[in-house]
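One structure is given here, and the rest of the page talks about it.
Values in this text are rule-based calculations from the coordinates and carry no lab data. Keep in mind that what you see is a predicted model, and the values were worked out from it rather than measured. Neighbour counts are summed over all protein chains in view; Cβ atoms, including those assigned to glycine, are modelled from backbone coordinates with ideal geometry.
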Amino acid sequence: MPFRDLPGVTQCRFKRGEVLIAAGEPIEYVYYLQSGVVYRELLTDAGHESIMSRKTSNSVAASLVGIMILYRRRNQGVSNNDFIAHTNCVCYRIPKDVCMEYLRNHPELLEEVLRLSMDEYTRLMDLLLMKREGSVSVQLCKFLLEYSRDSEAGLVLSKKYSNIEISKFLSVHKVTVARVLRALKEQGCVERTEQGLLLKNVPLLTAYAQGDKVLEYK
């Protein structure tokens, strides 16, 4: 654990639904996830919840919650979004100055944090372009391919990703998600199972995701 023995670091726990960092709150601490999942959420002017990013305990860089806020000059270290525990979480709470000093001394980790930040930025730009061009089906197919995991039956999107959950990731209405999924089912691309959504035709899904084919839905 790279942060456990740093000065001022303490371990803390958050239950599902609890807020690690609140919108409008100055960042005094960065959190390093030992276990659990954290969502960065935005409440739109229309009152819809959007999931801007997802933090997990998969790697050191991917486990740092709130780190990029410290590098946003315009916000002066104040969060625009809520960081909410999506599952029960165990974290190390790291004073911001201690974390930034650690990253300065470990440029390879800072580089990985930057790479993940650019991936997140690209995803958000893709969502913005999707809204302008109406290509919801493209982004949903990308989502299915990215978040599905191998199982005995094949690639499966866990049933924890409900239509509402997917709609938050894509910042679209849950009815639109349902319509696209229905069209994909009719094309033989997906099937509901006890484990979740089984991807039955990955090559066709990939063609939809890359824009090589157009999925018609109503």
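A few remarks follow.
- In sequence order, region 28-34 has phi-based couplings of 9, 9, 10, 10, 10, 6, 7 Hz under the Karplus curve 6.51 cos²θ - 1.76 cosθ + 1.60, θ = phi - 60°, and Gly or Pro positions carry x.
- A Cβ-based charge dipole, computed about the Cα centre of region 10-120 with Lys and Arg at +1 and Asp and Glu at -1, lands at about 160 debye.
- Here the label points at Glu191 and Val78, each 7 Å from Cα along the C-beta direction, are separated by 5.3 nm in the simple model.
- Amide H within-cut-off set for Lys200, under 5 Å, with H built and near neighbours excluded: Val190, Glu191
- In this simple spin-label approximation, Glu49 and Ser162 carry label points 7 Å from Cα along the Cα→Cβ vector, and these lie 1.0 nm apart.
- If the chain linking Asp119 and Lys174 were pulled fully straight, counting 0.36 nm for each residue of separation and taking away their Cα-Cα distance, it would gain 17.3 nm.
- Reach of Lys185 by Cα under 20 Å, taken over lysines that are not fewer than 8 positions away in the same chain: Lys142, Lys159, Lys160, Lys174, Lys200, Lys213, Lys218
- Phi-based couplings in Hz for region 196-204 (Karplus 6.51, -1.76, 1.60; Gly and Pro marked x): x, 9, 7, 8, 8, 9, 5, x, 5
- In the chain, the alpha-carbon atoms span a convex hull of 141 Å³ per residue.
- Cut-off under 5 Å, modelled amide H: who pairs with Leu20 long-range: Phe83, Ile84, Ala85
- Over all directions, the projected convex hull of the C-alpha atoms in region 10-120 averages 6.8 nm² in area.
- Other-chain or far-sequence residues with amide H under 5 Å of Ser151's (modelled H): Val156
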